[in-house]
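**Student:** For reference, the structure I am asking about is given below.
No value in this document is a laboratory result; all are computed from the given coordinates. Because the structure is predicted, anything quoted here is derived from the model rather than measured. Here the Cβ positions follow ideal geometry from the backbone for every residue, glycine too, while neighbour counts run over all protein chains shown.
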Ligand code: DQA
């Protein structure tokens, strides 16, 4: 069974509480359930994780080598700042999909640049939390399962 790692960056543990007018009312646990359902439907196994720490995310990306057939990442604010996450992702040879709940390109100027976008095979943004299962579908297309 193909395995996908789904990584979430800082403050995404606060979904449901954090700026609901932008990010909605669902919690990260709700998002994980949505992802599990979609993964089951498509025959994937997922590992779903969140960290507020850049180094922990880098560590998980390093450990992913050889274990996962794809990575879906919402790096949150690190999207726009983390050369370290970019460098770690560059070591992977599996497809990377960037996901955002909001559409950062339609927001403040400082959210327009994405380090993740430089390595991502696809981007799903501005679809709300529904973007996560959509990213899993996109992964299925990329892996042609
Ligand atoms: C986000 C967008 C980022 O700009 C922001 O820093 C986040 C969440 C999103 O999912 O819309 O924390 O990645």
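**Student:** Would you check which residues across region 70-85 are within 16 Å of the ligand (Cβ to nearest atom) and buried (at least 18 other Cβ atoms within 10 Å of the Cβ) and list them?
**Tutor:** Passing the criteria: 71, 72, 73, 74, 75, 76, 78, 79, 82, 85.
**Student:** Also, I was wondering about something else. Being surrounded by fewer than 20 Cβ atoms within 10 Å (Cβ to Cβ) and within 12 Å of the ligand (Cβ to nearest atom): is that true of residue 126 here?
**Tutor:** Working: surrounded by fewer than 20 Cβ atoms within 10 Å (Cβ to Cβ): yes; within 12 Å of the ligand (Cβ to nearest atom): yes.
The answer is yes for residue 126.
**Student:** Restricting to region 91-107, and then to whatever is assigned to a helix (DSSP H, G or I) and more than 7 Å from the ligand (Cβ to nearest atom), can you tell me which residue is surrounded by the most Cβ atoms within 10 Å (Cβ to Cβ)? Explain how you work it out, then say what you get.
**Tutor:** Our first condition is that a residue be assigned to a helix (DSSP H, G or I); within region 91-107, this holds for 104-106.
Applying the additional criterion that residues be more than 7 Å from the ligand (Cβ to nearest atom) yields 105-106.
Details: 105: 14, 106: 10.
Ranking the candidates gives 105 first.
**Student:** Would you call residue 67 more than 11 Å from the ligand (Cβ to nearest atom), closer than 22 Å to residue 18 by Cα and either free of Cβ contacts under 8 Å to residues at least 12 places away in the same chain or in contact with a strand residue (DSSP E or B) (Cβ under 7 Å, 6 or more places away or on another chain) (or both)?
**Tutor:** Working: more than 11 Å from the ligand (Cβ to nearest atom): yes; closer than 22 Å to residue 18 by Cα: no; either free of Cβ contacts under 8 Å to residues at least 12 places away in the same chain or in contact with a strand residue (DSSP E or B) (Cβ under 7 Å, 6 or more places away or on another chain) (or both): yes.
So residue 67 fails the test.
**Student:** Related question: Report every pair of residues separated by at least 6 positions or lying on different chains whose Cβ atoms are under 9 Å apart, first residue within region 1-25 and free of Cβ contacts under 8 Å to residues at least 40 places away in the same chain, second in a helix (DSSP H, G or I) and within 13 Å of the ligand (Cβ to nearest atom).
**Tutor:** Pairs found: 13/28; 14/23; 14/28; 16/23; 16/28; 18/12.
**Student:** Just to be sure before I move on: is residue 140 more than 10 Å from the ligand (Cβ to nearest atom) and assigned to a helix (DSSP H, G or I) in the structure I sent? Please lay out each step first, then the result.
**Tutor:** Numbers: more than 10 Å from the ligand (Cβ to nearest atom): yes; assigned to a helix (DSSP H, G or I): yes.
In short, yes.
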